[in-house]
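The values are calculated or read from the model by the stated rules, or taken from the named source; none is laboratory data. Note that this is a predicted model, so its numbers are computed, not measured. Backbone-built Cβ (ideal geometry, glycine too); neighbour counts: all protein chains shown. In case anyone asks, the SASA skips ligands and DNA or RNA and just uses the protein heavy atoms, side chains included. Shrake-Rupley method; radii C 1.70, N 1.55, O 1.52, S 1.80 Å.
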Amino acid sequence: MSQRTIIPFGPQHPVLPEPMHLDLVIEDERVVEAIPQVGFIHRGLEKLVTKKDYTQFVLVTERICGICSFGHSLGYSETVEALMGIEVPPRAEFLRVIWHELSRIHSHILWMGLLADGFGYENLFMQCWRLREQVLDILEATTGGRVILTACNVGGVEQDIENGELNGICQTLDGLRGEYNQLLKTFLKDKSVRHRLVGVGYLSEADARAAGTVGPFARASNIPEDIRSLGFGAYAALSGFEPITSKDGDGYARCEVRALEVLQSIDIIKELAEKIPDGAINQKVKGAPEDGSYAVSRLEQPRGECFYFAKGNGTKFLERFRIRTPTSQNIPGMVQTLQGCDLADVPLNVLTIDPCISCTER
Amino acid sequence: MSSTIKSPWLIHYDASSCNGCDIEVLACLTPMYDVERFGIINTGNPKHADIFLVTGSVNERNISVVRQIYEQMLEPKVVIACGICACSGGIFKECYNTLGGVDVAIPVDVYAPGCAVRPEAIIDAVVCGLGVLEEKRAALAAGELPPAELPELPTAADKQLDGVSVRDAAAAELHAEIRDE
């Protein structure tokens, strides 16, 4: 009978850019149970909604998370627009989705780099982050910010991207696709990468459903759920959208799903850049949400489905704003994948769900 | 110039940052900005590190973690607050769980503002920090480095906004709600 030991993992740990804590109960080298602890990044920003009015609060929502910052401002704006019945101009809808997909590309490439770092492929990590800078350059050229964009506001977007500039973006993305395909070959075909990922952190389809997983984590376990296929905003203008799934449910499948989603996002941006209508980019917003009114909206963040709730009280300050973030949905699934894995695979297993702790704890 | 500042190693801890500054810290280490060419290496071990990069404001849960990492680092050491949240609390200053900038927990040597802090600003702050590191090293060698003055750690109960205790205000609000019902 081997002895049980508890090993603390985090909050300060070399593979985690963000603090999270796991108590790993291990027998020899095998993890029997993982008990997560959260709260290291809790700021309590949902309560700030009572101190900043609904047009200012979009700046706070951007800072929920620096990686999915545009997505959160988009989700918040859509919720408040639903609350107040504001019609957003079509050009603004298209621009929002273009920025949102650019954020997804940079988020996924960033994650692939961290994963490569996690399994000890330093060169691949550096190459991924080098490639990601091209996307950040586009974001900086169009909005002025590298990670916090401040491009979205209630009623539309802050600034326009001219059609000529959109063509330039498409050309940059074409160049990026060429370089990215080479990286993709390493991620999906390289023997050492496969050796580290195949079979690691397996989660079956039934378990993934029972644990309520979302996003690429769920899609890697063959659950074809993607809010984008419901066609909110400019996604309705796409000629077709099929969520990318994989049947394997292991670390390799999660890597494959995210890797292919980057190419899908490039296609979406190129299609929308062709179809984008001319016109206004902003709708003037007046008045305040009615007392007792509430609205919800859903959005596909890079990490999965994100849910927003807002309630008005007749003043310029919202009564309540609530977010349910993808990572908080994925933590039970992650804990399940950790049971029975080797201690050395724990960092990799944690990484494969693409945890975003600042979203989770807010 | 001593050998200490030729290859400073740094440790990064995310206090309660939104990730924006964290990924910019990592971006500094990767090919676009590539501070590794100056011998700067990101380490996970506080005992190996000369420079402590902190992003984000501190809260009740992580203030002791920040203090522990700082205490584990060996002298001479430099603390750099990256981003406006680490400098002062930034946009989250009014949040009930934010105790303020990193300087409420540990002494800070260099402040790098920005939201999110730009990689250029981080590199600039590190270069600034190297000067401080060299001063501290010289003082340590001469036996004149005074021990760091560590402030007493505040708790959420001490947090005040506009002169009113946040905890008291929340309790009063809750009582009012219960009374109304």
Using a 1.4 Å probe on protein heavy atoms only, how many Å² of accessible area do A and B hide from each other, summed over both chains and rounded to 100?
-> 3400
Percent RCO, i.e. relative contact order, over chain B, from Cα pairs under 8 Å lying at least 6 residues apart = 22
Relative to the longest principal axis of chain B, what angle (0 to 90°, nearest 10) does the C-alpha long axis of helix B:119-141 take?
-> 70
Taking a probe of 1.4 angstrom, what is the accessible area of B:Glu94 in Å², to the nearest 10?
-> 70
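Calculate what fraction, in whole %, of the accessible area of the protein assembly as shown sits on carbon and sulfur atoms when a 1.4 Å probe is rolled over the protein chains.
Carbon and sulfur atoms account for 51 percent of the accessible area of the protein assembly as shown.
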For segment B:32-181, accessible area per residue (1.4 Å probe, heavy atoms of protein chains only), Å² | 49
Give a residue-ordered list of calculated ³J(HN,Hα) values for segment B:143-149 (Karplus: 6.51 cos²θ - 1.76 cosθ + 1.60, θ = phi - 60°; whole Hz; x for Gly, Pro).
-> x, 10, 6, x, x, 4, 8
Could you tell me the accessible area of B:Met32 in Å² (1.4 Å probe, neighbours in place), rounded to the nearest ten?
-> 100
Reported to the nearest 10 Å², A:Ile138 has, with a 1.4 Å probe, an accessible area equal to 10
Between segment A:132-180 and segment B:1-56, how many Å separate their Cα centres?
-> 28
Mean other chain Cβ within 10 Å across A:355-361 is 3
In debye, nearest 20: dipole of segment B:1-121 around its Cα centre with unit charges on the Cβ of K, R (+) and D, E (-)?
-> 120
Against the longest alpha carbon principal axis of chain A, how many degrees, from 0 to 90 and to the nearest 10, is the axis of helix A:163-189 turned?
-> 10
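Determine the relative contact order of segment A:152-272: mean sequence separation of Cα pairs under 8 Å and six or more apart, normalised by residue count, in whole percent. List each step's numbers first, then the result.
Values: 115 pairs, mean separation 31.7, N = 121.
Relative contact order comes out at 26 percent.
Could you give me D for segment A:269-362, from Stokes-Einstein at 4 °C and 1.567 mPa s, where the hydrodynamic radius is the Kirkwood radius over C-alpha pairs? Units µm² s⁻¹, please.
This corresponds to a translational diffusion coefficient of 76 µm²/s.
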Check: C-alpha center segment A:57-113 vs C-alpha center segment B:109-174, spacing in Å is 32
Can you give the angle from 0 to 90° between the axis of helix A:69-84 and the longest principal axis of chain A, with both taken from C-alpha atoms, to the nearest 10?
-> 50
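Counting pairs of alpha carbon atoms under 8 Å apart in space and at least six apart in sequence, what relative contact order in percent does segment A:44-361 give? Intermediate values should be presented prior to the final figure.
Details: 561 pairs, mean separation 82.7, N = 318.
Worked out over segment A:44-361, it gives 26 percent.
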What residues have an amide H closer than 5 Å to that of A:Ile148, excluding those fewer than 5 places away on the same chain, when H is modeled at 1.01 Å from N in the peptide plane?
-> B:Ala116
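Based on the mean of other beta carbon atoms within 10 Å per residue, what is the order of A:11-17, A:273-279, most packed first? Before the final figure, lay out each step's value.
On the way: A:11-17: 19.7, A:273-279: 12.7.
Put in order of decreasing packing, that is A:11-17, A:273-279.
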